[in-house]
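Just so you know, all these numbers are worked out from the coordinates, no wet-lab data involved. Values in this document were obtained by computation on a predicted structure and should not be read as measured data. Here the Cβ is made from the backbone with ideal geometry for all residues, glycine too, and neighbour counts use every protein chain on show.
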Amino acid sequence: MDTGDAAWVLVSAALVLFMTPGLAFFYGGMDRSRNVLNMLMMNFWCLLTIPVLWVVVGFSLAQAPFENDLIGGFDNAFLRNMPITGEDGGFSLLVMVFLGMFAVITPALISGAVAGRMRFGAWAIFAPVWMLLVFAPVFKWVYGGWLGQRGSLDFAGGTAIHVNAGIAALACVLVLGKRRGWPSAGSPPHSMPLVMLGTGILWLGWFGFNAGSALAANGTAVQAFINTFVAGAAAGLAWALVERVRDGHFTNLGAASGIVAGLVAITPGAGYVSGMAPILIGLAAGVICCYAVRLKHRAGYDDALDVVGVHFVGGLVGSLAVGLFSDPQFFGTENMEGLFFGGGLELLFEQALANGVTIIYSFVVTGLLMLALKATIGVRVPDDVEQAGLDLPEHAEQAYHDDLSAGLRETGVPSELRAEVRT
Amino acid sequence: MIKLLTAVIRPHQLDAVRDALVEAGVHGMTATEVRGLADGPDHTEMYRGAEYTVDAAHQIRIEVVVDLFEAERLAEVIVAAARTGKAGDGKLWITDVERVVRIRTGERGVDALH
């Protein structure tokens, strides 16, 4: 194992881990103050369960053996056959842990859609089961499996992660239903500074996500790093400008949403496109996602924090853009050329196929999983809990205390919702 | 006799009102953050193209307990300092106070004010 490669991928893995708390703040700031801890815990729950599940069986199902078409096996279950000595020198373990970070954040992405009304007990089962039933097989098809073998490209997880989680979010909210009063009674973000902080953490982590996916410290990693830098900026700029022209102001949430949309969109092409392509992809993602987040009002699905509009749409835009901008000559690689680099429509078709298959499989299986949970333990909190906020009834914690609520603690909580508060 | 002056004002006028009251010789006042539905236009917030109208505006409630003979003069001081001339400047009202006690010393009435 090359020591330079090992150093970069180790650092990248840690950067990607940090994205899940970053995502938690990004979502948590947008949520209401009475639900913010529930949102953080939905994300942190992925950090508790997925690492354990990943080393026990998740990685093996999602990857090993690499040649399998549909699903891996148990060759690397319990981290068997993964030495740190000999020729491998620990490289397969390094890849395993790096990909484990992606397995953590992918179900976490869905949490933004179901904000404010999902039973935590249902989420506690949903997130790890979804990782095994949906993330692992789709990941396999895209990386090493039949979709990848056909020639579709997904550098760091546009299809396998963002389109997959985005369409799963849609299936979840269709089963879960709307929040009380939505859309007439909206709830603006309770802390925009938290949203901006979360955006910064996500962007930082995304350098590991994209440039680390080169799995080496080489030129491809450098280009992916630059693309991550440029596409995030271009998309944030595009979204902010659209809002300025359309609605009259440069908004913080517009800038943050645009940055994330651009980072999502450059993910599938990070190591396949170069030059000015990341600017064009970023600009396109910023404008398209800025309008896509309005679809929920027209279509009537309550995707609370716009997981569909940002991750699904952004991922799809970026993945199809690979079919236009892929430039194997620049990278010295064997993959197909995009339409703009003499490759015709073949790669674009493969991109569309890979996303189409992912959309259908993820939507159907996620929907069935949610329906099964709904029919058994139930997926929604009672109305009074939703009204009062999920933090106290579901977690016996409150995000923000002031002196008054501390002094009046015994009488400040509706008795039917009263939880034991230890201090 | 003792009077209570209560004013609900714009948050940004608090400094001006406090300075004017101190200038006029007042030693103590209470200010509370409150939300009000009356007076002034709603404000609109915009998130991802969706408009939210916030109709319970942040305001500051000031309470000053004063001697009967000072009440009119100090009420005018507050009104003058809190006024911007635009809708949403707030209101002031004067009420009778039955009894005032200084908690530390037990002094009552006008003695408790100074």
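Could you check A:TYR272 against (1) more than 12 Å from every other protein chain (Cβ to nearest Cβ); (2) assigned to a helix (DSSP H, G or I) and say which number it fails?
(2) is the only condition that A:TYR272 fails.
If you check A:ALA261 against the conditions, is it of a type in the set (A, V, I, L, M, F, W, C), part of a loop (DSSP other than H, G, I, E, B) and buried (at least 24 other Cβ atoms within 10 Å of the Cβ)?
Working: of a type in the set (A, V, I, L, M, F, W, C): yes; part of a loop (DSSP other than H, G, I, E, B): no; buried (at least 24 other Cβ atoms within 10 Å of the Cβ): yes.
No.
Go through A:ASP306, A:ASP383, A:ASP327 for me and flag whichever is closer than 20 Å to A:THR106 by Cα and charged (D, E, K, R). Show your work before the answer.
Working: A:ASP383 fails: closer than 20 Å to A:THR106 by Cα; A:ASP327 fails: closer than 20 Å to A:THR106 by Cα.
None of the others qualify; the one that does is A:ASP306.
Take the residues in the range A:23-59 that are part of a helix (DSSP H, G or I), in contact with a Gly (Cβ under 9 Å, 6 or more places away or on another chain) and among the polar types (S, T, N, Q); name whichever of them is surrounded by the fewest Cβ atoms within 10 Å (Cβ to Cβ).
That would be A:ASN43.
I'd like the full set of residues that are loosely packed, with under 15 Cβ neighbours inside 10 Å and more than 10 Å from chain A (Cβ to nearest Cβ), limited to the range B:45-60.
Passing the criteria: B:ASP55, B:ALA56, B:HIS58.
Which numbered condition trips up A:LEU316, out of (1) more than 13 Å from A:GLY271 (Cα to Cα); (2) surrounded by fewer than 24 Cβ atoms within 10 Å (Cβ to Cβ)?
(2)
Could you please find all residues in the range B:56-75 being more than 17 Å from B:ARG35 (Cβ to Cβ) and over 12 Å from the mean Cα position of the chain (by Cα)?
The answer is B:VAL66, B:ASP67, B:LEU68, B:PHE69, B:GLU70, B:ALA71, B:GLU72, B:ARG73.
Output the residues belonging to the range A:222-253 that are away from chain B (no Cβ under 14 Å), free of Cβ contacts under 8 Å to residues at least 24 places away in the same chain and not aromatic (Phe, Trp, Tyr).
A:VAL222
Please go through (1) more than 30 Å from A:CYS290 (Cβ to Cβ); (2) within 14 Å of chain A (Cβ to nearest Cβ) for B:ASP96 and return the number of the only condition it doesn't satisfy.
The failed condition is (2).
Within the range A:274-293, identify whether any single residue is aliphatic (A, V, I, L, M), closer than 24 Å to A:ALA24 by Cα, out of contact with any helix residue (DSSP H, G or I) (no Cβ under 6 Å at 6 or more places or on another chain) and touching a residue at least 24 places away in the same chain (Cβ under 8 Å), and answer yes or no.
No, because not a single residue in the range A:274-293 is aliphatic (A, V, I, L, M), closer than 24 Å to A:ALA24 by Cα, out of contact with any helix residue (DSSP H, G or I) (no Cβ under 6 Å at 6 or more places or on another chain) and touching a residue at least 24 places away in the same chain (Cβ under 8 Å).
Does B:THR6 satisfy being within 14 Å of another protein chain (Cβ to nearest Cβ) and either under 29 Å from A:HIS190 (Cα atoms) or surrounded by 11 or more Cβ atoms within 10 Å (Cβ to Cβ) (or both)?
Working: within 14 Å of another protein chain (Cβ to nearest Cβ): no; either under 29 Å from A:HIS190 (Cα atoms) or surrounded by 11 or more Cβ atoms within 10 Å (Cβ to Cβ) (or both): yes.
It is false that B:THR6 is within 14 Å of another protein chain (Cβ to nearest Cβ) and either under 29 Å from A:HIS190 (Cα atoms) or surrounded by 11 or more Cβ atoms within 10 Å (Cβ to Cβ) (or both).
Please report, ordered by residue number, the helices (runs of 4 or more DSSP H) entirely within the range A:291-380 with at least 2 residues that are more than 14 Å from chain B (Cβ to nearest Cβ) and under 23 Å from A:VAL114 (Cα atoms).
Details: elements: A:295-299, A:313-325, A:328-331, A:346-375.
Counting at least 2 such residues, we get A:313-325, A:346-375.
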